[in-house]
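Accompanying notes for the structure given below.
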Amino acid sequence: MKIVSVTLLSCALALSSFAAEKIYTIKFAHVVAATTPKGKAADFFAKRVNELSGGKIKVEVYPAAQLVDDDRVFMSLKQNNVQMAAPSFSKFTPIVPQFQLFDLPFIFRDTAHLYAVQEGEVGKQLKEMIVKKGFVALDFWDAGFKHFSSSKKAIVKPEDAKGQKFRIMSSKVLEEQTKAVGGNPQILPFSEVYPALQQKVVDATENPLSNFYNSKFYEAQTSLTLSSHGYLGYLVVMSDKFWKTLPDDLKTHVTNALKEATEFERAESAKEDAHIIEALKKYSADTNKLEIVELSPEQKAVWADAMKPIYPHFYKTIGQDLIEKTINTK
């Protein structure tokens, strides 16, 4: 009897020791370069969560769609083949149409307002909608505010957009936004934009500074208007299957490390924007081929007045309550 008890005790201790030493591996897949703010933040998170967990959590980061692209990542998360991802908001709209909120023009007054929305009641509601679809919704990351650019005529006043062919992402909101100022929306994959600009298939675009600069759209366009009229971002999500396997103390390490990574990503995104503005100003001065226009608050107000009438068109899809909560967030 004693031998059996000793054997059982030994097995229990061995199992306890195994559990204590278990390493949890997270495959974090994203589609951008490792050198971008999102790529750097993913690497920052990997290092930080490993430190906080005492090596119990190992994160393998797969940038530039090396493992899976954002069109297939949700299935991979469901199957737990990938444990983490940070898709752009546009990838969430087919499963949660309310994410079109972020496409609405001039709905965010500035960066402080944007973060207050994401960290407040609206952000919480949007995350809960993602949770109901079977994912763990974690933190919002920045891609940046969008700006107008053109190879036909500088877009300074709303009437400057009239008749221009705007390349847009597939979005009903962006279609209505463009039509509201007399533009002609053209839906094109991002990979086709540069040749389309060269061939005059489209005249104008709207992009965060990183897209405009890194894709060298300034070579094919003659003006950039710093309008900050729209916003692009990401939501970091995790496989629900994987999350349920994590002990509570390790879940805490994940959320704490990600909170730090979010602050880091925001800072890197702001730093990148500042660097790009300086680089574009230098290019403009050196070549005289790019006009850079910075809209004043008064000019932005004119644009907002022209575009905000589209909001009621999306009360049913996005939710009037969600839109009004966003506007009223302090």
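The values are calculated or read from the model by the stated rules, or taken from the named source; none is laboratory data. Note that this is a predicted model, so its numbers are computed, not measured. Here Cβ is always computed from backbone atoms with ideal geometry, including for glycine, and neighbour counts include all displayed protein chains. We work out accessible area using only protein heavy atoms, side chains counted, and drop any ligands, DNA or RNA first. Shrake-Rupley method; radii C 1.70, N 1.55, O 1.52, S 1.80 Å.
Report the label-to-label distance for K216 and K47 in nanometres (one decimal), using points 7 Å from each Cα along the Cα→Cβ vector.
3.1
Applying 1/(1 + (r/R0)^6) with R0 = 56 Å to the Cβ-Cβ distance of K22 and A270, what FRET efficiency is obtained, to the nearest 0.05?
0.90
How large is the dipole of the chain about the Cα centre if only Lys and Arg carry +1 and Asp and Glu carry -1, each at its Cβ, rounded to the nearest 20 debye?
680
Give the carbon-plus-sulfur fraction of the accessible surface of the stretch 24-328 in %, rounded to a whole number; probe 1.4 Å, heavy atoms of protein chains only.
51
Filter the chain for me: DSSP H helices, axial length by Cα at least 20 angstrom, mean Kyte-Doolittle hydropathy not below 1.6. List them by residue number.
Passing helices, by number: none.
Please give me, ordered by residue number, the trypsin sites (Lys or Arg not before Pro) of the stretch 233-265 that lie in loop per DSSP and have at most 10 other Cβ atoms within 10 Å.
Here no trypsin sites (Lys or Arg not before Pro) fit, given the DSSP loop and packing criteria.
222 nm [θ] for the chain, helices only, -39500 (n - 2.57) per DSSP H run of 4+, per residue, to 500?
Theoretical 222 nm ellipticity from helices: -14500 deg cm²/dmol.
Select from N328, L295, F190 the residue farthest towards the positive end of the dipole of the chain; place +1 on Cβ of Lys and Arg, -1 on Cβ of Asp and Glu, and compute about the Cα centre.
Final value for the positive-end residue is F190.
Starting from the Cα of E192, step 7 Å along the direction of its Cβ; do the same at E119; then give the gap between the two resulting points in nm.
That separation, rounded to one decimal, is 4.1 nm.
State the answer as a single residue: which of H253, L101, V202 lies farthest towards the positive end of the charge dipole of the chain, with beta carbon charges of +1 for Lys and Arg and -1 for Asp and Glu, about the Cα centre.
H253
For Cα Rg over 2.2 N^0.38 Å, the listed values are (i) 1.09; (ii) 1.16; (iii) 1.25; which was obtained by calculation from the structure presented?
(ii)
Based on DSSP, what percent of beta bridges with both residues in the chain are antiparallel, to the nearest 5?
Taking every DSSP beta bridge within the chain, about 55 percent pair in antiparallel fashion.
Just to confirm, what accessible area per residue do you get for the stretch 175-330 at 1.4 Å probe, in whole Å²?
Accessible area per residue, the stretch 175-330: 49 Å².
Using a simple spin-label model with points 7 Å from Cα along the Cα→Cβ vector, what separation in nm is obtained for T317 and D110?
3.0
Which pairs break 20 Å Cα to Cα here: K40/K133; K153/K289; K157/K308?
Beyond 20 Å between Cα atoms: K40/K133.
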